[in-house]
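Asks: Got a structure for you, questions after.
The values are calculated or read from the model by the stated rules, or taken from the named source; none is laboratory data. Bear in mind the structure is a predicted one, so any value in this text is a computation, not a measurement. As a convention, Cβ positions derive from the backbone with ideal geometry for all residues, glycine included, and neighbour counts pool all protein chains shown.
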Amino acid sequence: MSKFVIKCLLVVSILVPLFSLKANEFSDTKKTIDIRKIAMQGLWMRIKRISPYVELKENVEYNKELASNDADEILRLLDKTKDLWPDNSNLSGKGFTNATPAVWALPEYFSKLYSDAELSATELKQAIKSDDIDKTALAMCNLGKACGTCHASFRRLLTSQLANEVNGWSGKYIQNCN
C-alpha cells in the first residue's frame with residue numbers, strides 16, 4: 001500500500017469516531033429537548049386541569065384528591081425538567097426548540113424564575129392539602145406569574161401558537177390575579 005493510502009486510512013480512522021461522537025451528542029441533545037417539551041406539555045395539562053378546581057371553591061367532579069395528585073405531578077415535572085437546559089441544548093437557531101438563546105445567556109434569571117415556579121408549586125400543594133382556598137388561589141397566581149414571566153422572557157412563540165398558548169404566556173391561570 002502506498003503511503004498516501006495509509007495516511008488516508010489513518011485520517012479516516014481518527015475522524016470517523018469524532019464525527020460519530022458528534023452525532024451521538026446531537027442525538028442525546030435532541031432527546032433532552034424532546035423530554036423537556038413533553039414534560040412542559042404535561043405541566044401545562046395539569047395546570048389547565050387544576051385551575052377550575054381552584055376557581056370554583058366548591059366540590060366538582062375534579063376533586064381535592066385529583067387536584068392534590070396534579071399538584072404533586074406539577075412539582076415532580078418541575079423537578080425533572082430543572083436540569084434539562086444544558087448549554088448544548090441551545091438549538092433555538094436551528095428550530096429544534098422554542099426556547100430562546102436568552103435561557104443560556106441569562107442563567108441566573110432563568111434559575112430565579114424556575115425557583116419561583118417551584119416555590120409556588122410547593123405552596124399550591126400544601127394549600128390544597130390543608131383546604132386553604134385563599135392560599136390555593138394565591139399559589140396559582142404566583143405560579144402563573146413565574147411561568148408567564150419565564151415564557152415571556154425565554155420562549156419564542158410563533159403567531160400560529162398564540163391562540164393555544166395565550167393563558168400560559170399571560171400567566172393567568174385563574175381569574176382575579178393581581
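Asks: Restricting attention to segment 104-147, and to residues there that are over 15 Å from Lys64 (Cα atoms) and of a type in the set (S, T, N, Q), which single residue is surrounded by the most Cβ atoms within 10 Å (Cβ to Cβ)?
Replies: Ser120
Matching residues to (1) at pLDDT 75 or above; (2) farther than 22 Å from Tyr114 by Cβ; (3) not in a loop (DSSP other than H, G, I, E, B):
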{"site": "Arg49", "(1), (2), (3)": "yes, no, yes"}
{"site": "Tyr62", "(1), (2), (3)": "yes, yes, no"}
{"site": "Ser68", "(1), (2), (3)": "yes, yes, yes"}
{"site": "Asp72", "(1), (2), (3)": "yes, no, yes"}
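Asks: Condition first: at pLDDT below 90 and either touching a Phe, Trp or Tyr at 6+ places or on another chain (Cβ under 6 Å) or part of a helix (DSSP H, G or I) (or both). Can you find one or more residues in segment 126-133 that meet it?
Replies: Initially, segment 126-133 is screened for residues at pLDDT below 90, giving 133.
Remaining after also requiring either touching a Phe, Trp or Tyr at 6+ places or on another chain (Cβ under 6 Å) or part of a helix (DSSP H, G or I) (or both): 133.
Looking through segment 126-133, at least one residue is at pLDDT below 90 and either touching a Phe, Trp or Tyr at 6+ places or on another chain (Cβ under 6 Å) or part of a helix (DSSP H, G or I) (or both).
Asks: With Ala146, Ala121 as the choices, which residue is in contact with an Asp or Glu (Cβ under 8 Å, 6 or more places away or on another chain) and among the small types (Gly, Ala, Ser)? Show your work before the answer.
Replies: Values: Ala121 fails: in contact with an Asp or Glu (Cβ under 8 Å, 6 or more places away or on another chain).
Residue meeting the stated conditions: Ala146.
Asks: Which one of these does Asp79 not meet: (1) in contact with a helix residue (DSSP H, G or I) (Cβ under 6 Å, 6 or more places away or on another chain); (2) modelled with pLDDT under 95; (3) outside any loop (DSSP other than H, G, I, E, B); (4) under 14 Å from Met40 (Cβ atoms)?
Replies: The number of the failed condition is (1).
Asks: Modelled with pLDDT of 90 or more and surrounded by 11 or more Cβ atoms within 10 Å (Cβ to Cβ) - does that describe any residue in segment 21-29?
Replies: If we filter segment 21-29 for residues that are modelled with pLDDT of 90 or more, which is where we start, we get none.
The answer is no; no qualifying residue exists.
Asks: Something else about it: Could you check Ser68 against (1) within 23 Å of Ala152 (Cα to Cα); (2) touching a residue at least 60 places away in the same chain (Cβ under 8 Å); (3) polar (S, T, N, Q) and say which number it fails?
Replies: Of the numbered conditions (1) within 23 Å of Ala152 (Cα to Cα); (2) touching a residue at least 60 places away in the same chain (Cβ under 8 Å); (3) polar (S, T, N, Q), the odd one out for Ser68 is (1).
Asks: Next question, about the same structure. If you go through segment 103-110 one residue at a time, do you hit one that is of a type in the set (Ser, Thr, Tyr), under 26 Å from Tyr62 (Cβ atoms), without any contact (Cβ under 8 Å) to a residue 60 or more places away in the chain and out of contact with any Gly (no Cβ under 8 Å at 6 or more places or on another chain)?
Replies: Keep residues of segment 103-110 that are of a type in the set (Ser, Thr, Tyr), which gives 109.
Still in the list and also under 26 Å from Tyr62 (Cβ atoms): none.
Within segment 103-110, none of the residues are of a type in the set (Ser, Thr, Tyr), under 26 Å from Tyr62 (Cβ atoms), without any contact (Cβ under 8 Å) to a residue 60 or more places away in the chain and out of contact with any Gly (no Cβ under 8 Å at 6 or more places or on another chain).
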